[in-house]
Amino acid sequence: MTAASFVAVGFALGLPLMWAALLIGRRFGLLDLPTGIKVHRLPVPYTGGAGIAATLAIAWVVLELPPAVLLGGLFVWLVGLVDDIRGLPPRVKLLLEVPPLITGASALGLAPLVLLVAVLVGAFLVNCFNVIDGLDGLAGGVALISMLAILSTGTTTAAIAGLLVGAVAAFLLFTLHPARLFLGDEGSLLLGYFLWILPLAGVAKQPDARGLIFGVLLWGFPLANAAFVVTKRLIERRALLIGDRGHLYDVLHERIGLRWTLLVCWAVAAFSSIAAAAVIQA
């Protein structure tokens, strides 16, 4: 199958599955309520991640990567679902993410020390992505842009990236303002997991500096947001793991509005992803 075929399959599966996720979320009360630091005005189903997970699960039969990679993704999706429903403490949530990361990375044939480092980095990166899911369409757009860069590499992992491009494109139809469907922690953790594991799979097969640089550049916007938040909270002597409306995109949102904030954040992700693709194809 070509890259375009994988995207088409992901979109064709993702579109009805997003409708199903929306209806299930409403039917069973799986709703993100507009309380605390959340800026939306009406309850919105947080089951968009379930639609993406279902798309991958159904389409997995056509892929060549070890099943453990998908299994790790489904495990981390489950952690996010529990967090959405019950609200896990930040440290507990972080600890529960580690076994899924180990499950996925263990299928890549990494040396024990490399595996340890990869999992620690993965836990950090997955949460960097998790926290950018704060505005309608922001996390989905960033994920789509980064997955396009992975898709352009033409490697085995490009198959999963193509499916995710299609599934996330379907999701964006439901989540652009005003959003009818949210990713939820289940979806943001799932996308963060695959943005970590897919470049890691490429490096594991052919380790070199270009692969490492590619993986770092893919994370341009989430890392920029993390650096902004950490610096701000250290200066203010505040806890690093407590949620607030002080992220980079929140500051931009207050000053230039939603549309321009999305364009700026997506532009950062696009510039970084284009640089990543240029590096890997050089």
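What to note about this one:
- Residues being among the aliphatic types (A, V, I, L, M), open to solvent by 40 Å² or more (accessible area, probe 1.4 Å) and either touching a helix residue (DSSP H, G or I) at 6+ places or on another chain (Cβ under 9 Å) or over 17 Å from D208 (Cα atoms) (or both) - total across the range 116-157: 5
- The set of residues in the range 87-111 being surrounded by 17 or more Cβ atoms within 10 Å (Cβ to Cβ) and part of a loop (DSSP other than H, G, I, E, B) consists of L88, L110.
- Flag if L263 is open to solvent by 60 Å² or more (accessible area, probe 1.4 Å) and at pLDDT below 95: no
- Filtering the range 178-210 to residues that are modelled with pLDDT under 90 and either out of contact with any helix residue (DSSP H, G or I) (no Cβ under 6 Å at 6 or more places or on another chain) or open to solvent by less than 10 Å² (accessible area, probe 1.4 Å) (or both) leaves P178, A201, K205, Q206, P207, D208, A209.
- Test: residue in the range 73-84 that is part of a helix (DSSP H, G or I) and closer than 16 Å to L163 by Cα: yes
- Taking the criterion of being under 17 Å from the mean Cα position of the chain (by Cα) and in contact (Cβ under 8 Å) with a residue 60 or more places away in the chain, the residues of the range 141-160 that qualify are G141, V142, I145, S146, L148, A149, I150, L151, T157, A158, A159, I160.
Here is a yes/no grid of residues against (1) of a type in the set (D, E, K, R); (2) at pLDDT 95 or above:
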{"residue": "L31", "(1), (2)": "no, no"}
{"residue": "G49", "(1), (2)": "no, yes"}
{"residue": "W60", "(1), (2)": "no, no"}
{"residue": "L70", "(1), (2)": "no, no"}
{"residue": "R86", "(1), (2)": "yes, no"}
{"residue": "P90", "(1), (2)": "no, no"}
{"residue": "P99", "(1), (2)": "no, yes"}
{"residue": "F129", "(1), (2)": "no, yes"}
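- Candidate set from the range 233-252 (those that are under 21 Å from A269 (Cα atoms) and without any contact (Cβ under 8 Å) to a residue 24 or more places away in the chain); member that is least open to solvent (accessible area, probe 1.4 Å): G246
The values are calculated or read from the model by the stated rules, or taken from the named source; none is laboratory data. Please read all numbers here as calculations on a predicted model, not as lab measurements. Note that each Cβ is placed from the backbone with ideal geometry, even for glycine, and that neighbours are counted across all protein chains shown. Ligands, DNA and RNA are excluded from the accessible area calculation, which covers all protein heavy atoms including side chains. Shrake-Rupley method; radii C 1.70, N 1.55, O 1.52, S 1.80 Å.
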